[in-house]
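Chemist: Have a look at this one before I ask anything.
The values are calculated or read from the model by the stated rules, or taken from the named source; none is laboratory data. The shown structure was predicted, so the numbers you read here are calculated from the model rather than taken from an experiment. Cβ: placed from backbone, ideal geometry, glycine included. Neighbour counts: every protein chain shown.
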Amino acid sequence: MVQVENLKKQFRSGKDVKVVVNTSNWVAKDGSITGFIGHNGAGKTTTMKMITGVMRPTEGRCLLNGIDIKENPIEAKKQFGYVSDSPDHFLRLRGIEYLNFIADIYDVDTKKRMDFINEYAERFGMTSALNQTILSYSHGMRQKMMIMGALIHDPSIWLLDEPLTGLDPEAAFELKKMMREHADRGNSVLFSTHVLEVAEKLCDEIVLIKKGNIMFNGTLAQLQSQYPQDMSLEEIFLDINKEESNE
Ligand SMILES: Nc1ncnc2c1ncn2[C@@H]1O[C@H](COP(=O)(O)OP(=O)(O)O)[C@@H](O)[C@H]1O
Ligand SMILES: [Mg+2]
């Protein structure tokens, strides 16, 4: 489970202070796929970076399976796998070297890592690419490699920042299936997206963020019950964001 408590992030440039995230409490529950939904610039990536300890919050805290990322960063980091919004890392390593490097960091034993690599490379159609450098990969292949690296230590929490961007349809289908399987085993999957059709089909719970503020956290059915019948998530989302342009 991920618990986010009164999280705030502000950036300073000169005398200006820009508050980009300022949220009430919200959670990504065990056994659920939670969609973190918002326009570009709403604050999704900044929030993900604070949850994972990449960025320090101005205020508030984040707990991963009850462990505070700031108080106990190593233990907290063992709880999750994180796919950031850019897959362009460790470009000089071959895919297999990258995966072994990450597996070493997380102390994954040889059999477990080999089983994982064989299974996931097969599922993602990456087997023949394992011996090539990440530099030679397409965007989608890099994305698949980052996903494999994030999951190789079998973390209970998956934190995925726009994970479907740039994936081919087969890989997107596989990843969505993996997310479902992982959540159904009682784990928690939190993924950000601005693609509402995906969120609508895939998520058990949603967190709506607008200009750094959480507008809603609950099931799609709960959100829809606040609106006229038969309104899609897309229509509701557009409505929530429209209200703002009239403010
Ligand atoms: N390092 C930074 N300095 C100043 N502003 C930033 C920084 N990082 C992000 N922002 C701003 O924070 C806001 C939220 O960005 P981001 O979290 O990337 O949104 P999203 O992932 O939802 O598209 C944007 O207005 C962005 O320009
Ligand atoms: Mg983003």
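Chemist: All but one of (1) surrounded by 14 or more Cβ atoms within 10 Å (Cβ to Cβ); (2) farther than 20 Å from Q79 by Cα; (3) touching a residue at least 24 places away in the same chain (Cβ under 8 Å) hold for V108; state the number of the condition that does not hold.
Modeler: Checking V108 against (1) surrounded by 14 or more Cβ atoms within 10 Å (Cβ to Cβ); (2) farther than 20 Å from Q79 by Cα; (3) touching a residue at least 24 places away in the same chain (Cβ under 8 Å), the one that fails is (2).
Chemist: I'd like to check which strands (runs of 3 or more DSSP E) are fully inside the range 179-243 and have at least 1 residues that are hydrophobic (A, V, I, L, M, F, W, C) and away from ligand 1 (no atom under 16 Å from the Cβ).
Modeler: 188-193
Chemist: So, in the range 141-177, exactly how many residues are out of contact with any strand residue (DSSP E or B) (no Cβ under 6 Å at 6 or more places or on another chain), more than 15 Å from H89 (Cβ to Cβ) and not in a loop (DSSP other than H, G, I, E, B)?
Modeler: Qualifying residue count, the range 141-177: 9.
Chemist: If you scan the range 120-130, which residues turn out to be in a helix (DSSP H, G or I), at pLDDT 95 or above and under 22 Å from the mean Cα position of the chain (by Cα)?
Modeler: Passing the criteria: Y120, A121.
Chemist: Quick one: which of M126, M148 is closer than 19 Å to F191 by Cα and either touching a residue at least 40 places away in the same chain (Cβ under 8 Å) or in contact with a helix residue (DSSP H, G or I) (Cβ under 6 Å, 6 or more places away or on another chain) (or both)?
Modeler: M148 is the lone residue from the list that is closer than 19 Å to F191 by Cα and either touching a residue at least 40 places away in the same chain (Cβ under 8 Å) or in contact with a helix residue (DSSP H, G or I) (Cβ under 6 Å, 6 or more places away or on another chain) (or both).
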